[in-house]
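**Student:** Here it is: the structure, laid out below.
The values are calculated or read from the model by the stated rules, or taken from the named source; none is laboratory data. Model, not experiment: these values are computed from the prediction. Note that each Cβ is placed from the backbone with ideal geometry, even for glycine, and that neighbours are counted across all protein chains shown.
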């Protein structure tokens, strides 16, 4: 049985054909995020190109799965709201089902990434799993009893918006001290910006000042690799907050595994020590001693694999 | 169908006979917490007295449910660890089943309180519910898809040990800034103690100084009722932290209801305004606008009713 899995990102749309546990084909294109129509046209194109590839190879596609950053009402297949796309109350499932003639399943991108980790990734076999995507922001997915947990309206697992430090830095969501405001790519960038504004000088800050737009957590990680103490301090502080957030999640869920994916994994070796120290010192012993905290083993395929698994399991 | 429900507290053991949704008999006795044998003897006595009462009235008892503050491995019926009882790896289910000849079900007290709220209490009919017991400490229970969520080892829902303010006051669990260290009876007591130590004078502090051992959150609430500004400030601060904690839980679970029970409800009118303000300003709109935050309507019966429901649903 083969299915299509699509990961709709803010800048890229990636797709795969999954047959069994094998990726048979890939698709990658810029996302046209200029309008709702543009996004939907891009999704339809991804499906039709992958279906053509499948047809040429005699692979029968049985369903389409889709992961989208945003609030998704899974039952109705509607994207209620999306931070990086012009999608508002978009009936994505029905529109794509109409275009493809296939069953379509739509969910939040971090939810399907969690599913991929629990089925094929670092958390393979976990019945209770918490997943965090560490990128520009922090997304979350929760697997309970082997299935994605969505809550009453599909808005659950906003784990980046758990408050870790009341009265801490302002988050994009309007609250203060969210995990995302302390340990995401944006949070790390802001700390570099603050260090620059405060006149703290280090190779990382100099590179930041020479071209702020090109600077990223990855750049900071390279400076930390080269021994920049300020860069190391910023990444280790973010790791500390992440460890506290994970401790709260472990106390709440008593999970088998916490898995981590996303762009920040590139500089995660500078965060991990402080993360584990904060976690070990904070979580309750029974849950702490049971859980494994693991990096994703799926790399960039987590999103598309998760979307494909969503479709596969939706069929059964 | 009638069942026994027992709530094993640190000082009192309460029991009921539940038939349908009616409480037919009650039992109440001091808890002998001097030894594991004392606790188990007390539980067996509660069962036998309630069974005698049932027999006299011709009511057939079909099972026993038990709620205990502590870590409970529900699958095995074992109390792993309990903060207020000398129970360690106690095979409570099998011991009581042996004494009574009935099926016995054992769970954490806040878990069964959550079940009671979802079935018969303020959150009646909720599919997704988060419950907080606000007393000396803060306990938590989570209902997902209508059932108690226990996690991998039964240690889940330690909602009092979600970190709300990193580097905040020390909690009994060894971490800093847990919800319990900011918004429980113990947290409130500590703030009064600190005010007294700092020489802040108010009627509440004077009563505290005259007899610290007799002072409680209830005493503080009475002073707040009478207009004591310091008392009001302490309770409103606790309410603020509680509102932040609830916002995190609502962002994580997207629940239908959050229900609150416990001794602090007696002075909750001084906490509620700040709680709702912090909650409204922090939670994500979709989940915030859906959830209802409700006081328990079950009073002191929440624990025994929940234990009875655990037994009733365990049978089916």
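**Student:** Just to be sure I understand, how many residues within segment A:97-108 are touching a strand residue (DSSP E or B) at 6+ places or on another chain (Cβ under 8 Å) and surrounded by fewer than 24 Cβ atoms within 10 Å (Cβ to Cβ)? Spell out the reasoning first.
**Tutor:** The first filter runs over segment A:97-108 and keeps only residues touching a strand residue (DSSP E or B) at 6+ places or on another chain (Cβ under 8 Å), leaving A:97, A:100, A:102-108.
Filter once more, so that each one left must be surrounded by fewer than 24 Cβ atoms within 10 Å (Cβ to Cβ): A:97, A:100, A:102-103.
Number of matching residues: 4.
**Student:** Related question: Being within 14 Å of another protein chain (Cβ to nearest Cβ) and free of Cβ contacts under 8 Å to residues at least 12 places away in the same chain, is that true of even one residue in segment B:249-271? Show your work before the answer.
**Tutor:** Step one: list which residues in segment B:249-271 are within 14 Å of another protein chain (Cβ to nearest Cβ), which gives B:249-258.
Retained after the next criterion (residues that are free of Cβ contacts under 8 Å to residues at least 12 places away in the same chain): B:252.
Yes: segment B:249-271 contains one or more residues that are within 14 Å of another protein chain (Cβ to nearest Cβ) and free of Cβ contacts under 8 Å to residues at least 12 places away in the same chain.
**Student:** In segment B:236-248, which residues are more than 14 Å from every other protein chain (Cβ to nearest Cβ) and crowded, with 24+ Cβ neighbours inside 10 Å?
**Tutor:** Residues of segment B:236-248 more than 14 Å from every other protein chain (Cβ to nearest Cβ): B:236.
Hits for segment B:236-248: nothing passes.
**Student:** In addition: Please go through segment A:79-95 and pick out each residue that is crowded, with 19+ Cβ neighbours inside 10 Å, out of contact with any helix residue (DSSP H, G or I) (no Cβ under 7 Å at 6 or more places or on another chain) and farther than 15 Å from residue A:311 by Cα.
**Tutor:** A:82
**Student:** Can you tell me which condition residue A:199 does not meet? The list is (1) in contact with a strand residue (DSSP E or B) (Cβ under 6 Å, 6 or more places away or on another chain); (2) at positive phi; (3) away from every other protein chain (no Cβ under 14 Å), and all the others hold.
**Tutor:** Of (1) in contact with a strand residue (DSSP E or B) (Cβ under 6 Å, 6 or more places away or on another chain); (2) at positive phi; (3) away from every other protein chain (no Cβ under 14 Å), only one is false for residue A:199: (1).
**Student:** Within segment B:227-248, does at least one residue satisfy the condition of being assigned to a helix (DSSP H, G or I), out of contact with any helix residue (DSSP H, G or I) (no Cβ under 6 Å at 6 or more places or on another chain) and under 17 Å from residue A:174 (Cα atoms)?
**Tutor:** Yes, segment B:227-248 has at least one match.
**Student:** Filter segment B:61-77 for residues that are assigned to a strand (DSSP E or B), surrounded by 18 or more Cβ atoms within 10 Å (Cβ to Cβ) and in contact with a helix residue (DSSP H, G or I) (Cβ under 7 Å, 6 or more places away or on another chain) and give the result.
**Tutor:** First, pick out the residues of segment B:61-77 that are assigned to a strand (DSSP E or B): B:61-68, B:71-73.
In the following step, the residues that additionally are surrounded by 18 or more Cβ atoms within 10 Å (Cβ to Cβ) were identified as B:61, B:63-68, B:71-73.
If the condition is that a residue be assigned to a strand (DSSP E or B), surrounded by 18 or more Cβ atoms within 10 Å (Cβ to Cβ) and in contact with a helix residue (DSSP H, G or I) (Cβ under 7 Å, 6 or more places away or on another chain), then B:61, B:63, B:64, B:65, B:66, B:67, B:68, B:71 are the ones that fit.
**Student:** Yes or no: residue A:230 surrounded by fewer than 23 Cβ atoms within 10 Å (Cβ to Cβ) and in contact with a strand residue (DSSP E or B) (Cβ under 7 Å, 6 or more places away or on another chain)?
**Tutor:** Details: surrounded by fewer than 23 Cβ atoms within 10 Å (Cβ to Cβ): yes; in contact with a strand residue (DSSP E or B) (Cβ under 7 Å, 6 or more places away or on another chain): no.
In short, no.
**Student:** In this structure, is residue B:215 crowded, with 18+ Cβ neighbours inside 10 Å and in contact (Cβ under 8 Å) with a residue 24 or more places away in the chain?
**Tutor:** So residue B:215 passes the test.
**Student:** Quick check on my filter: what residues within segment A:272-291 are within 11 Å of chain B (Cβ to nearest Cβ) and without any contact (Cβ under 8 Å) to a residue 40 or more places away in the chain? Reasoning before the result, please.
**Tutor:** Applying the first criterion (within 11 Å of chain B (Cβ to nearest Cβ)) to segment A:272-291 yields A:278-291.
Once the filter is applied, which keeps residues that are within 11 Å of chain B (Cβ to nearest Cβ) and without any contact (Cβ under 8 Å) to a residue 40 or more places away in the chain, segment A:272-291 yields A:278, A:279, A:280, A:281, A:282, A:283, A:284, A:285, A:286, A:287, A:289, A:290.
**Student:** Only one residue in B:151, B:141, B:160, B:123 is buried (at least 24 other Cβ atoms within 10 Å of the Cβ), touching a residue at least 24 places away in the same chain (Cβ under 8 Å) and in a loop (DSSP other than H, G, I, E, B), so which one is that?
**Tutor:** Working: B:151 fails: touching a residue at least 24 places away in the same chain (Cβ under 8 Å); B:141 fails: in a loop (DSSP other than H, G, I, E, B); B:160 fails: in a loop (DSSP other than H, G, I, E, B).
From the options B:151, B:141, B:160, B:123, the qualifying one is B:123.
**Student:** Out of all the residues in segment A:179-187, is one or more part of a loop (DSSP other than H, G, I, E, B) and within 11 Å of another protein chain (Cβ to nearest Cβ)? Break it down into steps so the answer makes sense when it comes.
**Tutor:** As a first pass, look at segment A:179-187 and keep what is part of a loop (DSSP other than H, G, I, E, B): A:184.
From what's left, within 11 Å of another protein chain (Cβ to nearest Cβ): none.
For segment A:179-187, residues part of a loop (DSSP other than H, G, I, E, B) and within 11 Å of another protein chain (Cβ to nearest Cβ): absent.
Yes/no matrix, rows are residues, columns are (1) modelled with pLDDT of 95 or more; (2) not assigned by TED's automatic domain parsing to the domain that holds residue B:235:
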site: B:64; (1), (2): yes, yes
site: B:71; (1), (2): no, yes
site: B:92; (1), (2): yes, yes
site: B:95; (1), (2): yes, yes
site: B:105; (1), (2): yes, yes
site: B:110; (1), (2): yes, yes
site: B:132; (1), (2): yes, no
site: B:138; (1), (2): yes, no
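**Student:** Assess whether residue A:313 counts as being farther than 30 Å from residue B:71 by Cβ and either within 21 Å of the chain's Cα centre (by Cα) or assigned to a helix (DSSP H, G or I) (or both).
**Tutor:** On the way: farther than 30 Å from residue B:71 by Cβ: yes; either within 21 Å of the chain's Cα centre (by Cα) or assigned to a helix (DSSP H, G or I) (or both): yes.
Taking the combined requirement at face value, the residue satisfies it.
**Student:** I want to confirm something. Restricting to segment A:163-175 and keeping residues that are facing chain B (nearest Cβ under 7 Å) and within 16 Å of residue B:286 (Cβ to Cβ), which single residue is nearest to the chain's Cα centre (by Cα)?
**Tutor:** Here is the first cut: in segment A:163-175, the residues facing chain B (nearest Cβ under 7 Å) are A:163-166, A:173, A:175.
So of that shortlist, the ones also within 16 Å of residue B:286 (Cβ to Cβ) come out as A:173, A:175.
Working: A:173: 17, A:175: 20 Å.
So the residue we want is A:173.
**Student:** While we're here: Any residue that is closer than 29 Å to residue B:216 by Cα, out of contact with any helix residue (DSSP H, G or I) (no Cβ under 7 Å at 6 or more places or on another chain) and in the same structural domain as residue B:253 (by TED's automatic domain parsing) - is there at least one of those in segment B:150-157?
**Tutor:** no
**Student:** Now, a different point. Residues of segment B:140-154 being closer than 17 Å to residue B:310 by Cβ, at the interface with chain A (Cβ under 9 Å from one of its Cβ atoms) and at pLDDT 95 or above, which ones? Talk me through it step by step, then tell me what you get.
**Tutor:** At the first step, the residues of segment B:140-154 found to be closer than 17 Å to residue B:310 by Cβ are B:140-151, B:154.
Checking which are at the interface with chain A (Cβ under 9 Å from one of its Cβ atoms) leaves us with B:140, B:142, B:144-145, B:149-151, B:154.
Once the filter is applied, which keeps residues that are closer than 17 Å to residue B:310 by Cβ, at the interface with chain A (Cβ under 9 Å from one of its Cβ atoms) and at pLDDT 95 or above, segment B:140-154 yields B:140, B:142, B:144, B:145, B:149, B:150, B:151.
**Student:** Of all residues in segment B:276-298, which are touching a strand residue (DSSP E or B) at 6+ places or on another chain (Cβ under 8 Å) and either farther than 24 Å from residue B:8 by Cα or not in a loop (DSSP other than H, G, I, E, B) (or both)? Quick ask: steps written out before the conclusion?
**Tutor:** Our first condition is that a residue be touching a strand residue (DSSP E or B) at 6+ places or on another chain (Cβ under 8 Å); within segment B:276-298, this holds for B:276, B:279, B:282, B:286, B:291-296, B:298.
Residues satisfying the conditions are B:276, B:279, B:282, B:286, B:291, B:292, B:293, B:294, B:295.
**Student:** For segment A:126-138, name all the residues that are surrounded by fewer than 24 Cβ atoms within 10 Å (Cβ to Cβ) and over 24 Å from residue A:79 (Cα atoms).
**Tutor:** Within segment A:126-138, the first condition is being surrounded by fewer than 24 Cβ atoms within 10 Å (Cβ to Cβ), and the residues that meet it are A:127, A:135-136.
Result: A:127, single match.
**Student:** Restricting attention to segment A:200-217, report how many residues are more than 26 Å from the chain's Cα centre (by Cα) and more than 12 Å from residue A:230 (Cβ to Cβ).
**Tutor:** Selection size over segment A:200-217: 3.
**Student:** Additional query: Which residues, taken from segment B:81-103, are within 14 Å of chain A (Cβ to nearest Cβ) and closer than 18 Å to residue B:61 by Cβ?
**Tutor:** none
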